[in-house]
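Have a look at the structure below before the remarks.
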Amino acid sequence: MKTYLQDLLRRKDLLIYLVKSGLKAEHRNSYLGYFWWLLDPLLSAAVYYFLIVLVLGRGGPDYPVYLITGLILWRWMSSSINSSANSILRYSSIINQVYLPKSIFPLSFSITQFINFLFGLVVIFIFLIIFGVPPSWNMLYLPVILFVVFTFVLAIGLILGFFTIFIRDIENILTHIIRVFFYGSPIIWQDREIPEKYQFIVDFNPIAKIVTSFRNIMMYQKPPNLTDLAIIFVISVIVIVFMLFYYYKNEHKIIKAL
């Protein structure tokens, strides 16, 4: 295991290359490139604003900011999980030619999507300014929340990246699972509107906990729920350590499966 981690650290140049190539490949043949990380959440927010506010008559004066914070954070998590699930398969031609620690591929995609998210974070700050949301000292918790989110999506990415090689159906199933978590988290609906009997959807949903803490520091001048974040972080770290060990023990099976 120690040798595996050392080998992973020695491949930092490859990791940087994979991140750069991932960023370029994502926007290849696109005229707008990185601006899609600005435009996509804006277009999605416009659709949901029309549906929730204009059609259903719900929401409120702060709903545009509520929407954009949830959608951009959600896009980071969902795109990281989706891309990491297919990460090892995507580089199968390289893997078959030279030995590489396979966990480097889900890691590279997690970093790539984090960099993309930083463009979306600019949109959030613009919305906060436009809608007059005052900054607070609680925004200093932002690096903490981002680090928790990164470990969370990396843990899931390592799991999916490995098992998708052996169970290709995971790619199709994942689409539906992600859709369930989207509608089961307070991304477009406000958690104060959820009936008491359905409160468990938020109480046992780590994505809901993350989104709520993120909105607290960005919108409501409130501290995040550090207990919830600590639990998510600890479990994520345990999963990451376990999966790195699992990769170390079973990487030969990846070669055979590819």
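The values are calculated or read from the model by the stated rules, or taken from the named source; none is laboratory data. Just so you know, these numbers come straight off a predicted model, no measurement behind them. Every residue, glycine among them, receives a Cβ derived from its backbone with ideal geometry; neighbour counts consider all protein chains shown. Ligands, DNA and RNA are stripped out before the accessible areas are found, and what is left, the full protein with its side chains, is counted by its heavy atoms. Shrake-Rupley method; radii C 1.70, N 1.55, O 1.52, S 1.80 Å.
Of note:
- Candidate set from the stretch 43-75 (those that are under 20 Å from Asn116 (Cα atoms) and either among the charged types (D, E, K, R) or surrounded by fewer than 18 Cβ atoms within 10 Å (Cβ to Cβ) (or both)); member that is modelled with the highest pLDDT: Arg75
- Scanning the stretch 85-103 for residues that are under 18 Å from Ile167 (Cα atoms) and either part of a loop (DSSP other than H, G, I, E, B) or touching a helix residue (DSSP H, G or I) at 6+ places or on another chain (Cβ under 6 Å) (or both) yields Ala85, Asn86, Ser87, Ile88, Tyr91, Lys102, Ser103.
- Selection of first residues in the stretch 1-27 that are farther than 14 Å from Tyr99 by Cα and of second residues that are modelled with pLDDT under 75, restricted to Cβ pairs under 8 Å at least 6 apart or on distinct chains, gives the following pairs, ordered by first then second residue: His27/Gly33; His27/Tyr34; His27/Trp36.
- Contact map, the stretch 178-190: first residue open to solvent by less than 30 Å² (accessible area, probe 1.4 Å), second residue among the small types (Gly, Ala, Ser), Cβ cut-off under 7 Å, separation 6 or more or different chains; pairs are Ile178/Ser78; Ser185/Ala208; Pro186/Gly70; Pro186/Ala208; Ile187/Gly70; Ile188/Gly70.
- Checking every residue in the stretch 84-104 against the condition of being open to solvent by 60 Å² or more (accessible area, probe 1.4 Å), touching a Phe, Trp or Tyr at 6+ places or on another chain (Cβ under 8 Å), free of Cβ contacts under 8 Å to residues at least 60 places away in the same chain and closer than 16 Å to Leu14 by Cβ gives at least one match.
- Of the criteria (1) open to solvent by less than 50 Å² (accessible area, probe 1.4 Å); (2) under 19 Å from Phe152 (Cβ atoms), which one Met219 fails: (2)
- Test result for Pro106, in a helix (DSSP H, G or I), modelled with pLDDT under 75 and touching a helix residue (DSSP H, G or I) at 6+ places or on another chain (Cβ under 6 Å): no
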